[in-house]
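Worksheet: the structure to be examined is printed underneath.
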Amino acid sequence: MGNQNKKQTIITSIPFQNLKDLPIPLDKSQCLLHKQEILICGGNNERACYSYHTLKNEYKFICEYPKNVELFGHCVVKLMDNNKDSNEITLLSFGGCEYAKRHTLIMKYVSVWNNDNKMNQSKKYNQWIPFKDNNNNIIHIGRDEDDYFRVRAVIGGSNNNLLFIAYYPKNISVFDLNTFKWIKHYTFQNNTSCHCFISKLENRQIIMKTNNKNYEMILFSDNIIFSIKYNEDNNNFQCEQIHDCNNIAKFKNCAYVRINDNILFFGGNDGYVISKSIYKYSIHENILTIFDLTLHIPLYNCFGILNEDNTYIHIIGGNNFKRDKISIHMKTKVSDWRNSSQLVIFFFNICIYIYFFFCDQTYIVLKLINSQIMKYNLLFNIGFEF
């Protein structure tokens, strides 16, 4: 009864705030979070790297990739460090294909907003340098035959020492960051280009070491969603196709962010149509939804990232409907997406589409499995667990 007195605010306007434009137009950029900074590490044919301060709404130049590096769908990850209070982080950048020279570089980053000029100007920091092993040998991530255009990667494993790399046309490889050696190459049945690749664990779980030798990931490739399990003991993959979203959602060239159990997707394209749509996928419930609200322009090849306290989603760069590279930077409140109306699409053993609307705080979920109606669930006080 107490819930009847609660009011639900339905967001009807587009909840995006334009921020200061990027210093240069960027698409296919790679961004990482470091405290109150968003580190923007180059983009398609753009070698410049910047730090964006989320409180100051200002940018500062960090460095450029070396002149011999060609960026064409590269990947940047933050190497694991259990010391959250550290002022230094290490970034790993790699990429390349037959059209772009391969690179494997690291950067030890300290904040360019720090007043310690000696540290900022030191050659030890804020410069891309070759990735080397403990014996000072240069390490290359990527074999001659590997196509790392739009490569995606996550770091995981029981000791956070395994680099899982998903890349075109249908490959996933495992590189041990402790031994600097490949330990597994696996081939999918389906293509894996232009995709979202994430750990099933939440960020706080990834940081903690675990005795669990089974590591789970989710891969979104075009219109197919895969569940991937890797067992460290037997060095084997198990892959299961859990959704085929053909003609409904194209997870291609879109921005995406992980918020607890949910992944939000912004924009994208399917090779022809450039999208303004925003989707949400619930990992636990295995449910895909589309929001009534959209981006205010069609956008693809953009990047999505959360701020430090997970209150805002930042959308950075991309290409517009004319396919021009643009310098857009906008943010939206995570809380706004809890109350915005949405259309729900279910996919179970076969592809079935169900459409219904929120009504106050209650809606009915109709579950169908193998075309048979199994049961009805009445859910109250529905809301995202962001």
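The values are calculated or read from the model by the stated rules, or taken from the named source; none is laboratory data. Given the structure is predicted, the values throughout are model-derived calculations rather than measurements. As a convention, Cβ positions derive from the backbone with ideal geometry for all residues, glycine included, and neighbour counts pool all protein chains shown. All accessible areas refer to the heavy atoms of the entire protein, side chains included, with ligands and DNA or RNA removed. Shrake-Rupley method; radii C 1.70, N 1.55, O 1.52, S 1.80 Å.
Considering only Cα-Cα distances, which of the following residue pairs are longer than 24 Å: Lys229/Lys280; Lys108/Lys252; Lys101/Lys170; Lys108/Lys325; Lys78/Lys124?
Where the Cα-Cα span goes over 24 Å, the pairs concerned are Lys108/Lys252; Lys108/Lys325.
Give me the number: length gained by fully extending Trp182 to His140, i.e. 0.36 nm times residue separation minus the C-alpha to C-alpha distance, one decimal in nm.
Working: separation 42, 0.36 × 42 = 15.12 nm, distance 1.07 nm.
Gain on extension, Trp182 to His140, equals 14.0 nm.
Could you tell me the relative contact order of segment 16-345? Use alpha-carbon pairs under 8 Å, at least six residues apart, and round to a whole percent. Let's see the in-between values first.
Working: 819 pairs, mean separation 47.2, N = 330.
Dividing the mean separation by the residue count of segment 16-345 yields 14 percent.
So, counting K/R as plus one and D/E as minus one, what does the shell of residues with Cβ under 14 Å around Asn44 add up to? Each step should come with its number before you reach the end.
Working: positive: Lys28, Arg47, Arg150, Arg323, Lys325; negative: Asp27, Glu46, Glu70, Asp324.
Summing Lys/Arg as +1 and Asp/Glu as -1 gives +1.
What is the packing order of peptides 288-299, 128-139, 160-171, 16-27, taking the mean over residues of other C-beta atoms within 10 Å and listing the highest first?
Ranking the peptides 288-299, 128-139, 160-171, 16-27 by packing returns 160-171, 288-299, 16-27, 128-139.
Summarise the accessible area of segment 16-345 (1.4 Å probe, protein heavy atoms) by the percent that is carbon and sulfur. Don't skip to the answer; put the middle values down first.
Values: 6250 of 14640 Å².
Of the solvent-accessible surface of segment 16-345, carbon and sulfur hold 43 percent.
Report the rotationally averaged projected area of segment 16-345 based on its alpha-carbon convex hull, in square nanometres.
16.4 nm²
What ranking, highest mean first, results for peptides 57-69, 212-224 when packing means the other Cβ atoms within 10 Å averaged over each residue? Please report the intermediate quantities before stating the final value.
On the way: 57-69: 14.6, 212-224: 18.8.
Final packing ranking: 212-224, 57-69.
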